[in-house]
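Remarks on the structure that follows.
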Amino acid sequence: MKNISRLGKMPSWQRNFVLMGMLSCSLTGTAYLLGHEFQIQRSLLGAHAVLAWHGVAAILASIALGSILPFHLKAGLKSKRKLLSGLSQLGFLVALLISGALLYYGSAEIREAVVLTHWLVGVTFFAIFLLHSLYAGKIRVIDVKKVH
C-alpha cells in the first residue's frame, strides 16, 4: 500500500506562495544580473525598474520564508530528509538578506565585493531551490506491511 508522507508538506496555497516568491525573486535577480553585470540587453534587463521589482520580490520571498519556518523547517529537521539542501537554502537566504541590506545600506568600499557575493550566492541558491522543490515531488514513502 502506498502512503504519501505529509511530514513537512505545505498546503497548496503556501507552496504556491513560496514558489512564487522565491521564483520571482530569483528570476528578477537573474534578469538584473544579466543586464547590469553581463551587459546582456542592458537597457531592458539592467534597468532600475528590474532592480525595483527584484526588491519587491525579495520582500515577498522573505515573507514566504517566514511562513515556512515554524512548520516546514521543524518537520524537515525532525525527519532529516533533504537536510543538506534545506539547511543550505536557509543559510543562502540569510546571506542574501544580509548582502542585500549591505548593497542598500553598506559603504562604497565594500560594494563590489558584496555585489559579487550577492549574485554568486543568489545563483547557487536558485539552483538548490529548484533541486529541492523538484526533488520533493518525486519522493514517496511506501508503507510495507509485514506479511506472515
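What the table shows:
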item: Net length gained if the chain between L130 and E112 were fully extended (0.36 nm per residue, minus Cα distance); result: 3.7 nm
item: Where the chain is the region considered: accessible area per residue in Å², 1.4 Å probe; result: 68 Å²
item: J(HN,Hα) series, region 57-62, from Karplus relation 6.51 cos²θ - 1.76 cosθ + 1.60, nearest Hz, glycine and proline x; result: 5, 5, 5, 4, 5, 5
item: Dimensionless Rg ratio for the chain, taking C-alpha atoms and the 2.2 N^0.38 Å reference; result: 1.24
item: Computed helical MRE - 222 nm, the chain, DSSP H runs ≥ 4 contributing -39500 (n - 2.57), nearest 500; result: -23000 deg cm²/dmol
item: Summed side-chain charge close to L90 - residues other than L90 whose Cβ falls under 13 Å, Lys, Arg +1, Asp, Glu -1; result: +2
item: With every protein chain in place, the chain: carbon and sulfur % of accessible area (1.4 Å); result: 70 percent
item: Rounded to 10°, Cα long-axis angle of helix 111-136 versus longest principal axis of the chain; result: 20 degrees
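The values are calculated or read from the model by the stated rules, or taken from the named source; none is laboratory data. Because the structure is predicted, anything quoted here is derived from the model rather than measured. FYI the Cβ positions are ideal-geometry reconstructions off the backbone, even for glycines, and counts take in every protein chain you see. Accessible surface areas use protein heavy atoms only, side chains included; no ligands, DNA or RNA. Shrake-Rupley method; radii C 1.70, N 1.55, O 1.52, S 1.80 Å.
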